[in-house]
Amino acid sequence: MSDSSIILQRPDTADANQAIGKSTTRYTVSQVIRYFATDLPRSSNYPRHARTYVLYCLKEGFGIDRLSFNRYTADLPPNRVSPIRKFLLFYQIIGQPVVILDPISTKIPPAANELILRFIREAQNLRGDRSKETYTKALNAFFLYVNNQQQSGESIQNRSASLSGLTVGDFVQHLKDNQYSAFTINLYLSAVKQLATWCIRRRDDLTLREDQLNALRDIADVRGLSIERTFYKDSLEAGEREQLLGAVETSRDRAVLALLGLEGLRTVEVTRLKLGDLDFDRQQLHVLGKGKSTKKPIKFFAACRELLQTYLKETARWPISHGQRSEYVFDDLKTHQIRYIVDKQLKKHGMKRAGMSAHSLRHTVGQLLLEAGISLEHVQQHLRHETMETTQFYTKKKTRKTYFQQMPD
């Protein structure tokens, strides 16, 4: 494992045109995006959205022009359209050069490649393609760092860089030195930690020695970056939540909204929910949390049970048989579709305001539970927060909300 390294491959472009543009000047995709990013803040997401648009044009054989812009952005939200509009203007200013795909990298040692692919394939918490791509990118970045350290060979430490606590700690420092955001650093670290945990569980298959296992265990002690949380998602009042759930067109959408707005599930947790996770007898809901490999039981509220039961009856899956327990509650439902369902209902009832999104329904649950007098510890357990500090943000928001009403004159 100490020799494993990998470099991120370009996207699958087997059917793509090899070049687009008008002038004789030629740039690769990475080059033109790098020029575009020169005067942008390092933390800007504009280059990422622009790259996706350029790759789309190459794949479809379209020019980088107004027609392809209109087609590509037709269903995108405004915050995705703005970066691409800015890039299109930049592209026109520099003379619409020919853009070609990045050359294929050949430095892809098969050992690490297979290690990552197998981990991604077996990771139960990575159901969606987006999650798998994110983790693959994070692990590619780590193994590329390991490879560069081994190649430099300036010291014994560099030559022995591997999947260990020491190397992962150095990797985190490397990301900090290159001004990666705290969010990205913690995401990359989480991916490496989960890979290490998976390797420990597969110790026999991977024929790991005791010293390698100890090195893997040390990774759990590597600390991420603290992120100051000063932004609160908006949340609904009790009457607003009741109104939102009261006039939904389909039983499926009503069930989805109930899991978000009554139980406080995250969108990805809704997509992972299986019929076997619905325990109507014990009134428990077993949830596979974000980045987790084990499920946690939470209270399955009566109002939510009723809406889920109605949905299951309409889809001919009630009562739930033993053979159905492994089926997903919502087959082929993606997180972006859930966000669309929520936004549609929020707009319909005039509740779509700044800071209000699908995740706001989770905040709504926490907020209303506290306002109903439920203890902070029980709210933490229900929302499955790792630390009490996360749950306390709801208390702070409640305090800020009631400050003027409750302070004596």
If you go through R252, R209, R217, the only one that is surrounded by fewer than 19 Cβ atoms within 10 Å (Cβ to Cβ) and either touching a strand residue (DSSP E or B) at 6+ places or on another chain (Cβ under 7 Å) or within 24 Å of T294 (Cβ to Cβ) (or both) is R217
Can S326 be described as modelled with pLDDT of 90 or more, loosely packed, with under 14 Cβ neighbours inside 10 Å and closer than 29 Å to W198 by Cβ?
yes
Tell me which residues, restricted to the range 263-272, are surrounded by fewer than 22 Cβ atoms within 10 Å (Cβ to Cβ) and closer than 17 Å to Q381 by Cα.
R266
Does Q345 satisfy the condition of being buried (at least 17 other Cβ atoms within 10 Å of the Cβ), outside the structural domain of L189 (by TED's automatic domain parsing) and among the polar types (S, T, N, Q)?
yes
Please enumerate the residues belonging to the range 80-96 that are closer than 16 Å to A37 by Cβ and part of a loop (DSSP other than H, G, I, E, B).
I94
Across the range 18-47, the tally of residues that are at pLDDT below 75 and either aromatic (F, W, Y) or at positive phi (or both) stands at 1
Using the structure shown, decide if L275 is buried (at least 22 other Cβ atoms within 10 Å of the Cβ) and within 18 Å of E327 (Cα to Cα).
no
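A quick yes/no check of all residues on (1) of a type in the set (A, V, I, L, M); (2) within 30 Å of S44 (Cα to Cα):
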residue: L189; (1), (2): yes, yes
residue: K193; (1), (2): no, yes
residue: R201; (1), (2): no, no
residue: D204; (1), (2): no, no
residue: D234; (1), (2): no, yes
residue: A247; (1), (2): yes, no
residue: G261; (1), (2): no, no
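Looking for something closer than 19 Å to K313 by Cβ, within 23 Å of the chain's Cα centre (by Cα) and in the same structural domain as Q324 (by TED's automatic domain parsing) - is there at least one such residue anywhere in the range 286-293? Talk me through it step by step, then tell me what you get.
Just the residues of the range 286-293 that are closer than 19 Å to K313 by Cβ, to begin with: none.
The answer is no; no qualifying residue exists.
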By my count, helices (runs of 4 or more DSSP H) wholly in the range 161-260 with at least 2 residues that are among the aliphatic types (A, V, I, L, M) and within 29 Å of Q392 (Cβ to Cβ) are 165-177, 182-201, 238-246
Please verify whether V98 is surrounded by 14 or more Cβ atoms within 10 Å (Cβ to Cβ), of a type outside the set (S, T, Y) and touching a Leu at 6+ places or on another chain (Cβ under 7 Å), treating the condition exactly as stated.
no
Report yes if R400 is at pLDDT below 90 and out of contact with any Lys or Arg (no Cβ under 6 Å at 6 or more places or on another chain), otherwise no.
yes
Would you be able to tell me the number of residues in the range 31-52 that are closer than 20 Å to V98 by Cβ and over 20 Å from the mean Cα position of the chain (by Cα)?
8
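Just to be sure before I move on: is Q380 modelled with pLDDT of 90 or more, surrounded by fewer than 17 Cβ atoms within 10 Å (Cβ to Cβ), in the same structural domain as K299 (by TED's automatic domain parsing) and out of contact with any Leu (no Cβ under 9 Å at 6 or more places or on another chain) in the structure I sent? If you could, list the steps in order and put the result at the bottom.
Values: modelled with pLDDT of 90 or more: yes; surrounded by fewer than 17 Cβ atoms within 10 Å (Cβ to Cβ): no; in the same structural domain as K299 (by TED's automatic domain parsing): yes; out of contact with any Leu (no Cβ under 9 Å at 6 or more places or on another chain): yes.
It is false that Q380 is modelled with pLDDT of 90 or more, surrounded by fewer than 17 Cβ atoms within 10 Å (Cβ to Cβ), in the same structural domain as K299 (by TED's automatic domain parsing) and out of contact with any Leu (no Cβ under 9 Å at 6 or more places or on another chain).
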In the range 61-79, which residue that is at pLDDT 90 or above and either of a type in the set (D, E) or assigned to a helix (DSSP H, G or I) (or both) is farthest from Q179 (Cα to Cα)?
L67
Residues located in the range 335-363, provided they are under 18 Å from the mean Cα position of the chain (by Cα) and of a type in the set (D, E, K, R)
R339, R362
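Checking the structure you have, find out if any residue of the range 395-409 is surrounded by 12 or more Cβ atoms within 10 Å (Cβ to Cβ) and within 27 Å of A255 (Cβ to Cβ).
No - not one qualifying residue is present in the range 395-409.
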Taking R317, is it in contact with a helix residue (DSSP H, G or I) (Cβ under 9 Å, 6 or more places away or on another chain), in contact (Cβ under 8 Å) with a residue 12 or more places away in the chain and farther than 20 Å from G239 by Cα?
yes
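The values are calculated or read from the model by the stated rules, or taken from the named source; none is laboratory data. From a predicted model like this one, the values you see are computed outputs, not experimental measurements. For neighbour counting, all protein chains shown are included, and Cβ atoms are generated from backbone atoms with ideal geometry for every residue, glycine included.
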